[in-house]
Each structure stands twice: as structure tokens, then as C-alpha cells.
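First comes the structure, then the notes that go with it.
The values are calculated or read from the model by the stated rules, or taken from the named source; none is laboratory data. The structure presented is a predicted model; accordingly, all values stated were derived computationally and were not measured. Here Cβ is always computed from backbone atoms with ideal geometry, including for glycine, and neighbour counts include all displayed protein chains.
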Amino acid sequence: MMIMRDRKIAVIGAGNMGSAIAGGLVKYADAEICLANRSEDRLVKFADAYGSRPNLKLTTDLADAVVDASLVVLAVKPWAMKEVIDQIRPSLLDDAVVISVAAGIGLADLKEMIGRDSVGVVYMIPNTALQVGKGMTFAASAGVDNERLDYIHSLFAPLTRLKFIDESKIGAAMALCSCGIAYVYKFIAAAAQAGVELGIPYDDAVDYFTATVNGATALVESSGLTLQQLVNAVTTPGGMTIRGVNELERKGFTAAVIDSIIAPLKK
Ligand SMILES: NC(=O)c1ccc[n+]([C@@H]2O[C@H](COP(=O)([O-])OP(=O)(O)OC[C@H]3O[C@@H](n4cnc5c(N)ncnc54)[C@H](OP(=O)(O)O)[C@@H]3O)[C@@H](O)[C@H]2O)c1
């Protein structure tokens with residue numbers, strides 16, 4: 001049985017997502033991390049941000065990066081994926097696992113591009129909150145045994161919550177969480193705009209409302225109460241908050257959120 005611990009992990013692409021993943025892995029993984037980018041400037045930026053570490057290697061040679069790597073994370077633009085896989089294929093280990101974070105490139109596409117049945121593939125959908133060790137990441141896999149899935153789980157655990165799901169659900173998960181994170185920003189911004197009208201400076205309003213959202217999410221996660229019970233706890237009959245909650249509904253808040261989650265999946 002293959003033991004993947006203490007081996008090499010290659011991350012190809014030092015853009016926003018590749019750097020966030022490599023930065024987290026360098027910090028927490030018990031492995032050598034090789035981050036590759038075709039141009040040097042992003043590697044320089046990465047080195048500035050994360051400093052030098054004994055388990056980190058930076059290179060512009062994509063093929064060299066994957067030599068001896070048991071795990072390869074592909075974090076390049078979807079349209080560059082085929083070109084990049086063509087470059088790394090000759091040095092890819094036969095029993096490597098390739099994780100792609102490119103939106104829209106599914107397991108069958110990945111398998112076809114790699115062209116080697118022995119290589120396991122993972123289609124992963126992270127989001128930017130991974131930079132701060134938070135957020136929700138979904139993944140689907142093909143040809144990856146349970147031991148390697150457990151290893152991938154343990155690698156990503158300090159970076160993000162990670163859930164393996166059936167590939168048919170990836171689109172829905174992406175709409176809910178990868179797109180949904182933008183709606184949370186919009187919600188905070190809208191609240192701050194209202195705060196300004198009420199005399200609270202914008203930055204303070206963002207700060208205060210963000211703390212409120214943090215408090216709300218912590219209660220959702222840990223209080224054991226349902227969402228309706230949490231709403232009931234702050235809506236005294238005849239009080240102020242229920243007037244605001246009902247105004248949200250009159251303005252179509254629930255319908256707008258539902259439509260915004262579903263809209264990205266419509267052509
Ligand atoms: N950002 C997110 O929130 C997010 C969420 C989920 C998934 N993703 C996925 O993550 C991937 C990277 O996105 P990003 O946001 O990190 O983009 P980004 O910051 O623009 O980085 C793009 C990366 O792709 C590389 N690249 C582009 N064309 C290439 C080519 N022909 N050959 C080799 N490398 C090439 C770039 O290298 P150069 O520096 O040389 O141009 C850079 O490393 C995408 O597939 C995206 O779908 C991103």
C-alpha cells in the first residue's frame with residue numbers, strides 16, 4: 001500500500017488559488033512543496049509573502065516540479081489546463097494523484113487530458129477563504145483509494161473544510177458556496193451602506209456588521225438551535241427586529257437569495 005506522507009507535493013500555478021494552497025501546505029504539510037509557475041514574477045510575489053522555508057521549492061520548470069511528486073495540484077486557468085498537462089505528463093509518476101481546481105473541468109476531462117489510467121484525479125472547488133483557513137471546499141474523485149482520500153483530507157484540514165461529494169453535485173455546491181461567498185460580501189456592504197445613512201462611518205459599519213455576521217455564523221454552527229429558533233430569539237413580538245425581518249420579506253429577500261444561488265447554473 002502506498003504511503004504518501006513525507007513525500008513531495010507539486011502545485012502548478014502561483015496565481016491567487018495556487019499561492020493560497022501552496023502557502024497553506026508549506027505551513028502545515030509534512031512534505032516538500034514545490035510551487036511552479038511559468039513566469040517568475042508570481043513566484044517572487046509568493047516568496048515575498050511567505051518567506052523561505054526549508055520544505056519549499058520554487059521553479060519556473062513545470063515538468064521538473066512534478067518529478068517524484070505523489071500529489072500534483074493544478075491551479076492554472078481552465079483554458080491552460082491541457083497545455084500544462086501536456087508539459088508535465090512525461091514526468092508524472094504512474095501512481096500520482098492530480099488535483100485540479102479549474103472550474104468546469106470535470107473528472108472525465110482530466111482523465112482524458114492525462115491519458116493514464118493509473119493516475120488518480122480529484123476535481124476540487126475551493127474558494128478564496130482558503131487563504132485564511134476557512135470556507136467550504138468540495139471535491140469529487142476518480143481512481144483515488146480511501147487512504148489517499150484520507151491523506152488529502154488531512155492535508156487540506158488546516159486550510160478549509162473539505163467535503164468529497166458525487167461529481168453530479170459539484171455544480172450545485174459551487175453555486176451555493178463559491179458564488180454564495182460573493183452574496184455575503186454584498187450583504188455586509190448593503191448593511192454598511194444603511195449604517196452610513198444612520199450616521200455610522202462606512203468602515204466602522206463594515207467592521208461592526210462583520211462581527212455580527214461572525215457571531216451569527218458561530219451561533220448557527222454551535223448553539224444547536226434551528227435557524228427559526230435563532231430568529232425567534234431576537235424577534236420580540238411587537239418589537240423592532242420583526243418589523244425589519246418582515247420588511248426583508250416584503251422586499252423579496254428570500255426569493256432574491258434563492259434566485260441568486262440558482263442563477264449561475266442557468267445558461
Ligand atoms: N480564485 C478563486 O476563488 C478560485 C476558486 C475556485 C477555483 N479557482 C480556479 O483556480 C484556477 C486559477 O485561478 P486563479 O484565481 O488563481 O487565477 P490567477 O490568479 O489569474 O492565476 C492563473 C494562473 O494560471 C497560470 N496560467 C495561465 N495560463 C497558463 C498557461 N498557458 N500555461 C501555464 N500557466 C498558465 C498563470 O501563470 P502566469 O503567472 O504565468 O500567467 C497563473 O499561475 C482557475 O482554474 C480557477 O478556475 C479559482
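Go through (1) more than 21 Å from the chain's Cα centre (by Cα); (2) at negative phi and name the single condition residue 127 misses. For residue 127, the exception is condition (1).
Just so you know, in region 78-114 the residues that are within 10 Å of the ligand (Cβ to nearest atom) and small (Gly, Ala, Ser) include one that is surrounded by the fewest Cβ atoms within 10 Å (Cβ to Cβ), and it is 104.
When region 126-147 is examined, which residues are found to be out of contact with any Asp or Glu (no Cβ under 9 Å at 6 or more places or on another chain), under 29 Å from residue 90 (Cβ atoms), surrounded by 15 or more Cβ atoms within 10 Å (Cβ to Cβ) and at pLDDT 95 or above? Scanning region 126-147 gives 139, 144. All told, residue 26 falls short of being within 15 Å of the ligand (Cβ to nearest atom) and buried (at least 16 other Cβ atoms within 10 Å of the Cβ). Tell me, please, whether a residue that is under 20 Å from the mean Cα position of the chain (by Cα), small (Gly, Ala, Ser) and not assigned by TED's automatic domain parsing to the domain that holds residue 50 can be found in region 180-200. Yes, because at least one residue in region 180-200 is under 20 Å from the mean Cα position of the chain (by Cα), small (Gly, Ala, Ser) and not assigned by TED's automatic domain parsing to the domain that holds residue 50. Residue-level check: of (1) over 19 Å from residue 78 (Cβ atoms); (2) within 13 Å of the ligand (Cβ to nearest atom); (3) touching a Pro at 6+ places or on another chain (Cβ under 8 Å), residue 137 misses just (1).
From the list 75, 14, 69, 10, the one residue that fits, being more than 20 Å from residue 120 (Cα to Cα), modelled with pLDDT of 95 or more and crowded, with 23+ Cβ neighbours inside 10 Å, is 14. Annotation note: Cβ proximity below 8 Å between a residue of region 154-182 that is free of Cβ contacts under 8 Å to residues at least 40 places away in the same chain and a residue that is among the aromatic types (Phe, Trp, Tyr) and surrounded by 15 or more Cβ atoms within 10 Å (Cβ to Cβ) (sequence gap 6+ or interchain) occurs for 162/138; 162/156; 163/138; 164/138; 165/138; 169/138. Restricting to region 7-23, name every residue that is of a type in the set (A, V, I, L, M) and either within 11 Å of the ligand (Cβ to nearest atom) or without any contact (Cβ under 8 Å) to a residue 40 or more places away in the chain (or both). Once the filter is applied, which keeps residues that are of a type in the set (A, V, I, L, M) and either within 11 Å of the ligand (Cβ to nearest atom) or without any contact (Cβ under 8 Å) to a residue 40 or more places away in the chain (or both), region 7-23 yields 11, 12, 14, 17, 20, 21, 22.
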